[in-house]
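Got a structure for you, written out below as structure tokens; questions coming shortly.
The values are calculated or read from the model by the stated rules, or taken from the named source; none is laboratory data. Given the structure is predicted, the values throughout are model-derived calculations rather than measurements. Note that we place each Cβ from the backbone using ideal geometry, even for glycine, and neighbour counts take in every protein chain shown.
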Amino acid sequence: MIKEGDTVHLKGKKDSFFVIVKQNEEFSTHKGTIKFNDIIGKNYGDTVLTHKGEEFLILKPTLYELIMFGIKRHTQIIYPKDSAYITLKLGLTSGMKVLESGIGSGGLTIVMANALNPDGRIYAYEKEEKFLKTAMKNLQLAKLDHIVVPHLQDLSEPIEEKDFDAAFIDVREPWLYIENVKKVLKRGAPIGFLVPTTNQIVEVLKELKRLNFIDIEVEEILQRHYKPVPDRLRPEDRMVAHTGYLIFAKNG
């Protein structure tokens, strides 16, 4: 049963909206206004009408849908094809303490926070206040903001927390901060990076080697969708190809 504070996916014939249900409030669309009181108490899979009589199906959004279609973006996000893999490579589970630098719009943060829920924490470092505020609102939409401890700073400043179980860095020049992160990362703990160009990979690799990191890997993930038509199954004309290079290592 849907209750106040739940996030719902309102799916119409052509339009979709992702909203947090609030008692005695309304949500306005070009198809009409929906009263949240008409949603509270219903079950996912039920429908609700706008004041114009337009019908919307009430669905429980998946994390994928929230990230790809629901969250507000100020920056390019890390796509689920990468964020799910990053989460597995870092071995994230509840109870872990994770450092993230360059939170952006929070796409990766949502996936990592979901893996860390309920007892893990992400200490998120972001120097742009606008990005940090947007990311925290997006985390509220996913009901995962309680997992994240936001810091309005970059990693050039002293890092107060210690003994991190894992770290991920997504900034323009990550090699500048690896030494600072190494000091607060547990011995043997994994670290990951995302960079868009090969020359950035080289700089990161140089610094990882200099600082005696081990198990260094460089990877790229490509994803291809197919048209789900039985009589003419074929790849989609467009695909999410290069989004970034992934680098992983462990603190030696």
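Looking only at the stretch 123-180, count every residue that is in contact with a helix residue (DSSP H, G or I) (Cβ under 8 Å, 6 or more places away or on another chain), among the β-branched types (Val, Ile, Thr) and in a loop (DSSP other than H, G, I, E, B) and tell me the total.
Selection size over the stretch 123-180: 1.
Could you tell me which of the residues Lys52, Lys72 is in the same structural domain as Val218 (by TED's automatic domain parsing) and in contact with a Lys or Arg (Cβ under 9 Å, 6 or more places away or on another chain)?
Lys72
Tell me, please, whether a residue that is in contact with a Gly (Cβ under 9 Å, 6 or more places away or on another chain), more than 25 Å from Ile103 (Cα to Cα), at pLDDT 95 or above and in a loop (DSSP other than H, G, I, E, B) can be found in the stretch 216-231.
No, the stretch 216-231 has no match at all.
Could you figure out which of (1) of a type in the set (Ser, Thr, Tyr); (2) without any contact (Cβ under 8 Å) to a residue 60 or more places away in the chain; (3) surrounded by fewer than 22 Cβ atoms within 10 Å (Cβ to Cβ) isn't true of Thr109?
(3)
Another question, then. Take the residues in the stretch 143-163 that are crowded, with 22+ Cβ neighbours inside 10 Å and at pLDDT 95 or above; name whichever of them is farthest from Leu185 (Cα to Cα).
Ranking the qualifying residues of the stretch 143-163, first place goes to Leu144.
Residues that are in contact with a helix residue (DSSP H, G or I) (Cβ under 6 Å, 6 or more places away or on another chain), at least 1 per element: which strands (runs of 3 or more DSSP E) completely within the stretch 1-81 meet that?
Qualifying strands (runs of 3 or more DSSP E): 7-11, 16-20, 47-49.
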